[in-house]
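A short reminder: the numbers here are calculations on the coordinates, not readings from a lab. The shown structure was predicted, so the numbers you read here are calculated from the model rather than taken from an experiment. Positions of Cβ are generated from backbone atoms using ideal geometry, with glycine treated the same way; all protein chains shown enter the neighbour counts.
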Amino acid sequence: FLKKPFEINIEDYFRLPDYTKLMGPDTEIERDFRLLLSALNDESEEDEEVVLAIFVDDLDRCAPKEIVKVVEAINVFFGQDIRNCVFVLGMHRELVAASLELAYGDLVGIVGGQAALQDELPFGRRFLEKIVQFVVRLPEPGEKEINKYLGHITGGGSEVEIGIDHREIIREGVPMEM
């Protein structure tokens, strides 16, 4: 077939693309992110490494497609060797998991029926558990905390008298009839 295979110059037969031009914005974002972390560490004390915390709050209030984009972007960062960056997500876990299941519906349909996966969590929850390492659940506010909060936002004392029971609205959300 080939008389001298190791003497062939492959560049004579193929046009090699400039792969740096094909890498896209993710590579640029990663480069800029590393530069930011480097600059922060250069400005810190010599023996102190800076950890950058990125807060994403109310993720569950985004449209499902946007939720998926954010979660996938965060997942890309976990695939990199970026150790001094932490993402803090404020979200309703089940709503975000449902958005992931909706986006990956075809995949969920294929793997959902496999016997090995039937005893596990739903797909969206499994996806999130690969990304979220530490979960902190915020407790429901009690009557004392609600009174204190209402007093703070209204400028009143610890007991606030308002026509509508705002304590219930804070605890349960705004009723649709209002």
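For the range 41-95, the list of GluC sites (Glu not before Pro) that fall in a loop by DSSP and count at most 13 other C-beta atoms within 10 angstrom reads GLU45, GLU46, GLU48, GLU49.
For the pair GLU30 and GLU7, a Förster radius of 45 Å applied to the C-beta separation gives a FRET efficiency near 0.70, rounded to the nearest 0.05.
Extension gain, GLU43-ASP18: 0.36 nm per intervening residue step, less the Cα-Cα distance, totals 5.5 nm. Pull out a ≥ b ≥ c, the square roots of the eigenvalues of the alpha-carbon gyration tensor of the range 28-148, then state rounded if a/c is under 1.5, prolate if not and a/b is larger than b/c, and oblate in the remaining case. Oblate is the answer for the range 28-148, as a/c is 1.5 or above yet b/c matches or exceeds a/b.
Label zone (GLU145, point 7 Å along Cα-to-C-beta; backbone nitrogen cut-off 19 Å) within the range 35-68: 57-59.
Over the range 38-118, what is the mean sequence separation of C-alpha contacts under 8 Å (at least six apart), divided by residue count, expressed as relative contact order in percent?
Reported as a whole number, the value is 36 percent.
Panel values: the range 19-98, Kirkwood radius from alpha carbon pairs, Stokes-Einstein at 10 °C and 1.306 mPa s, translational diffusion coefficient 110 µm²/s.
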